[in-house]
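Asks: Right, I'll just put the structure down here and ask away after.
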Amino acid sequence: MTFSLFGSLVDAITTVLTVVGLPGLFALMAVESFGIPPIPSEVIIPFAGFLIADGTLALEPTIVVAIVGGLVGAYVAYAVGRWWRSRLVGFGIGQLRISEHDLIRMDAYFAQHGEITVAIARVVPGIRSYVSYPAGTARMSPWRFGLYTLLGSVPWTLGLLYAGILLGADWRIVTRYFFPIDVALVVLIVLGVGYLVLVAHGDLTPGWPPRWTRRRRVVTPDAPGTEGEARPPAP
């Protein structure tokens with residue numbers, strides 16, 4: 001049984017690849033690398049491998065199209081991150097808002113660790129589709145971004161293609177190996193959304209570790225016109 005994160009998209013992805021062929025593969029990989037909407041390469045690439053195994057697609061063009069499509073989508077996401085940089089200051093909800101200092105820290109991190117971060121993120125399900133945005137926001141060198149994107153994407157793409165070719169009609173088995181990772185990602189997303197909602201509502205203080213805010217109501221002695229009136233605690 002396929003996990004719902006994949007299962008809801010499998011039929012659409014396989015139909016596009018079967019009917020449209022290599023242009024469909026290019027489009028799917030570009031959207032997957034852009035990350036919006038989220039489309040799992042763990043479905044796209046193994047099925048493309050199956051189509052290679054049954055003779056529908058040729059090996060070399062499929063490899064090139066899959067890699068180039070992913071690179072194009074990554075550069076579009078990079079451009080969005082870079083273009084939105086000036087609009088990010090003050091962005092957020094409640095007490096969680098991006099400051100100029102946060103952007104400076106991001107710049108420093110990507111200046112020192114950007115290459116290895118991009119390369120490693122390209123082989124991590126879920127994260128691989130979104131690392132382009134902070135890389136663009138941090139104004140990482142475009143050519144270095146592309147180079148390290150390829151360094152991470154090529155083994156990822158070749159590995160999943162080979163798995164699809166090897167497994168043939170059983171290519172869906174590949175998705176089972178990503179089940180624990182996807183469950184963990186869903187849990188993290190749910191916890192993250194819950195955290196943001198509680199911070200925005202004032203129930204949690206921002207930062208790590210999160211702490212509950214203590215809201216106390218101090219009732220003062222009854223006075224004319226103030227019966228039952230609750231006052232905030234004195235500082």
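Asks: For segment 125-133, state whether one or more residues are in a helix (DSSP H, G or I) and among the basic types (Lys, Arg).
Replies: Start the filter on segment 125-133 by keeping residues that are in a helix (DSSP H, G or I), which leaves 127-129, 132-133.
Restricting the remaining residues to those that are among the basic types (Lys, Arg) gives 128.
Yes, segment 125-133 has at least one match.
Asks: Here is a follow-up. In segment 35-48, what residues are crowded, with 18+ Cβ neighbours inside 10 Å and among the hydrophobic types (A, V, I, L, M, F, W, C)? If you could, list the steps in order and put the result at the bottom.
Replies: At the first step, the residues of segment 35-48 found to be crowded, with 18+ Cβ neighbours inside 10 Å are 35, 39-48.
ILE39, VAL43, ILE44, ILE45, PHE47, ALA48 - these are the residues of segment 35-48 that are crowded, with 18+ Cβ neighbours inside 10 Å and among the hydrophobic types (A, V, I, L, M, F, W, C).
Asks: Hey, any hits in segment 39-46 for a residue that's acidic (Asp, Glu) and either closer than 21 Å to TYR78 by Cβ or in contact with a Pro (Cβ under 7 Å, 6 or more places away or on another chain) (or both)? Full working, then the answer.
Replies: Initially, segment 39-46 is screened for residues acidic (Asp, Glu), giving 42.
Add one more test, that the residue is either closer than 21 Å to TYR78 by Cβ or in contact with a Pro (Cβ under 7 Å, 6 or more places away or on another chain) (or both), and what stays is 42.
Checked segment 39-46: at least one residue is acidic (Asp, Glu) and either closer than 21 Å to TYR78 by Cβ or in contact with a Pro (Cβ under 7 Å, 6 or more places away or on another chain) (or both).
Asks: Return the pair list, or none, for Cβ contacts closer than 7 Å from residues in segment 115-143 that are without any contact (Cβ under 8 Å) to a residue 40 or more places away in the chain to residues that are buried (at least 20 other Cβ atoms within 10 Å of the Cβ) and basic (Lys, Arg), at least 6 apart or on different chains.
Replies: ALA121/ARG128; ARG122/ARG128
Asks: Restricting attention to segment 106-124, which residues are assigned to a loop (DSSP other than H, G, I, E, B) and closer than 14 Å to PHE145 by Cα? Walk me through how you get there before you give the answer.
Replies: Taking segment 106-124 as the starting set, the residues that turn out to be assigned to a loop (DSSP other than H, G, I, E, B) are 122-124.
Residue satisfying the conditions is ARG122 alone.
Asks: While we're here: Applying the selection to segment 22-40, what residues are among the small types (Gly, Ala, Ser) and modelled with pLDDT of 95 or more?
Replies: Scanning segment 22-40 gives GLY24, ALA27, ALA30.
Asks: Any idea how many residues of segment 40-67 are of a type in the set (A, V, I, L, M, F, W, C) and more than 17 Å from VAL123 (Cβ to Cβ)? Step through it out loud before you land on a result.
Replies: Of segment 40-67, the ones of a type in the set (A, V, I, L, M, F, W, C) are 43-45, 47-48, 50-53, 57-59, 63-67.
Narrowing further to those that are more than 17 Å from VAL123 (Cβ to Cβ): 47-48, 50-53, 57-59, 64-65.
Total satisfying the criteria: 11.
Asks: Every residue in segment 171-194 that is at pLDDT 70 or above and loosely packed, with under 15 Cβ neighbours inside 10 Å, please.
Replies: ILE173, ARG176, TYR177, ALA184, VAL187, LEU188, VAL190, LEU191, GLY192, GLY194
Asks: Residue pairs, Cβ under 7 Å, 6 or more apart or interchain, first in segment 34-46 and in contact (Cβ under 8 Å) with a residue 24 or more places away in the chain, second of a type outside the set (S, T, N, Q) and not in a helix (DSSP H, G or I). List them.
Replies: Note: pairs meeting the criteria are GLY35/TYR130; GLU42/PRO125; GLU42/PHE178; PRO46/TRP171.
Asks: For segment 49-88, give me each residue that is loosely packed, with under 14 Cβ neighbours inside 10 Å and at pLDDT below 80.
Replies: Across segment 49-88, the qualifying residues are SER86, ARG87.
Asks: Would you be able to say whether some residue in segment 117-127 is under 24 Å from LEU188 (Cα atoms), at pLDDT 90 or above, touching a Phe, Trp or Tyr at 6+ places or on another chain (Cβ under 6 Å) and surrounded by fewer than 17 Cβ atoms within 10 Å (Cβ to Cβ)?
Replies: Yes, some residue in segment 117-127 is under 24 Å from LEU188 (Cα atoms), at pLDDT 90 or above, touching a Phe, Trp or Tyr at 6+ places or on another chain (Cβ under 6 Å) and surrounded by fewer than 17 Cβ atoms within 10 Å (Cβ to Cβ).
Asks: Still on this structure, I have one more. From LEU158, LEU150, LEU103, LEU167, which residue is touching a residue at least 40 places away in the same chain (Cβ under 8 Å) and within 20 Å of GLY81 (Cβ to Cβ)?
Replies: Numbers: LEU158 fails: within 20 Å of GLY81 (Cβ to Cβ); LEU103 fails: touching a residue at least 40 places away in the same chain (Cβ under 8 Å); LEU167 fails: within 20 Å of GLY81 (Cβ to Cβ).
When all the criteria are applied, what remains is LEU150.
The values are calculated or read from the model by the stated rules, or taken from the named source; none is laboratory data. Not measured: the values here are computed from a predicted model. FYI the Cβ positions are ideal-geometry reconstructions off the backbone, even for glycines, and counts take in every protein chain you see.
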